[in-house]
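The values are calculated or read from the model by the stated rules, or taken from the named source; none is laboratory data. Since the model is a prediction, treat every value here as computed from it, not as a measurement. Cβ placement follows ideal geometry from the backbone for every residue including glycine, while neighbour counts extend to all protein chains displayed.
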Amino acid sequence: MVVMKTTTLNETGIVPESFMERFGTDVTGILSGFDRLRLRGTLRLLYMTNGMAAFLGSAGIRLKDFAAYAEGWTQRVRCEAMERYKRRRLPAIYLPRVNTSKEATVAEIARAHPRRMGPLALLACVEPCLSFAIRGNRETGLLEPVLTERRCTHLYHYWRHEQLGLMHVRLQTWFPFAVDVCVNGREWLGRQLDRLRLGYVKQDNCFTWLKDPAKAQALLDAQATTAWGTLLDELLQEAHPLHRELTAPLPQTYYWTASQSEYATDLMFRDAAALARHYSAWTRHAISAFGSPDVLRFLGERVQPRGTRLPARFKAEVCSSCRERPEGVRIKHSVAGNSIKMYDKQGSVLRVETTINQPGRFQVYRRRERDPEQRMAWQPLRKAVADLHRRSEVSRAANRRYLQGLLSACSDQTAQAATKGLVEPIVREGRRHRALNPWSVGDHALLQWISRGEYALAGVRNRDLRQGLCSRAANPRERRRQAAAMTRKLALLKAHGVIRRLPGTHRYVMTEKGRAAVTAVLAAHQASVCQLTKMAA
């Protein structure tokens, strides 16, 4: 039995206090925990060439007979699953096309049987996998098992689990019989709230209202401390009951890892209008103002507090994108296989979500595995389910840092203060530069173009300005004239401190001063006369 300590709204500091001080009156609930988890079980010995050879030797199988041996096990696994669902009079469906939505297929079955617990359906389809084939070695002239990409049938066991809610187990039906368990943390929470008879409103994969947000958060926190090994072994026995017989020649157990985790922090606003008042400013700020160092900071990389350059040791690409999806406008920043996203889900929920595919970029304080004295030290975070609790901690911290970063989009600084210095002539290195006029057509278009999201990270070039601000010129002389004009504009922006040049390149990125000024200018341009009058009153 899990003993939970209930807390008041944001008592545990899930959201920065400064954020709550500014927007807390519009927020009715906070929920932070795992959204989706993809857990993978593998027979690790069978993923090594020597291990596979040893296994076949223990089973008394010659390499030339491997194909027939593997096919025999594949047929047994498939037939056992089909017969089991047939006996229970549950649907077993083969999907001839990989892109057929399995979730939609199962959703129809689940709606037809809203009270059925346990297995719901078995779906089968042919998908790519990592498996073994027997090939000849030209150097030795001998056969050997080779791990390679191929295709085989995968079985999707869909259940409405008593504890986890709607979930599925995916079983590869060819050696080495990998298993994927997909769990939805919000679905799991819904089952827990139902048992405690706590009211809630849930739309799709998102809670829009909770009767007791503090108790719901305590339940989500308890998920991270689940005895994952025991739970996953039980699911394995249900989906793959032949695994013990299969591994009998060389006994081994499945090793469980988290191949992907999505950790979401949801802020439930009173209504869609309350969130909409701020969300457009947040999205504009996130895509135009958050630079590469900011994204690295959000995801736990070591960057100087006011650093504007990437660490010299850092080699991965940092990408940001903005897309309008059915569930809302999504901002996504990704780096080295991990990402952090922001949504306006169901109109009234602000979701910040950290996805971790490469946990090794984070650290966990644990005992050294190869140290005889088992001393504690900071080490790379493992994929093993034993580190899931730490994974939840670093994900929550990343979401918190992102929310803190959004506050700068809501500065109390006036547009006049933000643009001070831009609207006056300036002398730099003995050369006079004219004032910028953010309200003129030419200068406003220039500021708007350099603030585009695709230039926030990689920087803007002379060529980019010509494409956006000049008409297409066929005459080489005219193209040179346009290039010279854009060079002068870049020099003007640099002199006023709006942009800076990336060392060793011909690209320019906006400075903090430039971001503040452009954000103020664009916000003022989009405001109506009524809005400006109210603010001035």
Residues that are under 25 Å from the mean Cα position of the chain (by Cα) and under 28 Å from residue 70 (Cα atoms): does segment 133-146 have at least one? no
On the given criteria, is residue 127 surrounded by fewer than 16 Cβ atoms within 10 Å (Cβ to Cβ) and either at pLDDT 90 or above or β-branched (Val, Ile, Thr) (or both)? yes
Here the qualifying pairs (Cβ atoms under 8 Å; residues six or more apart or on different chains; first in segment 238-266 and more than 30 Å from residue 342 (Cβ to Cβ) and touching a residue at least 60 places away in the same chain (Cβ under 8 Å); second surrounded by 15 or more Cβ atoms within 10 Å (Cβ to Cβ) and of a type in the set (Lys, Arg)) come out as 256/40
Collect the residues in segment 364-406 that are polar (S, T, N, Q) and either in contact (Cβ under 8 Å) with a residue 40 or more places away in the chain or surrounded by 16 or more Cβ atoms within 10 Å (Cβ to Cβ) (or both), keeping them in residue-number order. 392, 395, 399, 404
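Here is a yes/no grid of residues against (1) over 30 Å from residue 386 (Cβ atoms); (2) modelled with pLDDT of 95 or more; (3) surrounded by fewer than 17 Cβ atoms within 10 Å (Cβ to Cβ):
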{"residue": "38", "(1), (2), (3)": "no, yes, yes"}
{"residue": "41", "(1), (2), (3)": "no, yes, no"}
{"residue": "46", "(1), (2), (3)": "no, no, no"}
{"residue": "54", "(1), (2), (3)": "no, no, yes"}
{"residue": "57", "(1), (2), (3)": "yes, no, yes"}
{"residue": "61", "(1), (2), (3)": "yes, no, yes"}
{"residue": "88", "(1), (2), (3)": "yes, no, yes"}
Which numbered condition trips up residue 21, out of (1) in a helix (DSSP H, G or I); (2) surrounded by fewer than 16 Cβ atoms within 10 Å (Cβ to Cβ); (3) in contact with a strand residue (DSSP E or B) (Cβ under 7 Å, 6 or more places away or on another chain)? (3)
Search segment 437-478 for residues being closer than 20 Å to residue 508 by Cβ, among the basic types (Lys, Arg) and modelled with pLDDT of 85 or more, and hand back the single one that is farthest from the chain's Cα centre (by Cα). 466
List the residue pairs whose Cβ atoms are under 6 Å apart, where the first residue sits in segment 181-209 and is without any contact (Cβ under 8 Å) to a residue 40 or more places away in the chain, the second is in a helix (DSSP H, G or I), and the two are 6 or more positions apart or on different chains. 192/219; 200/193; 202/190
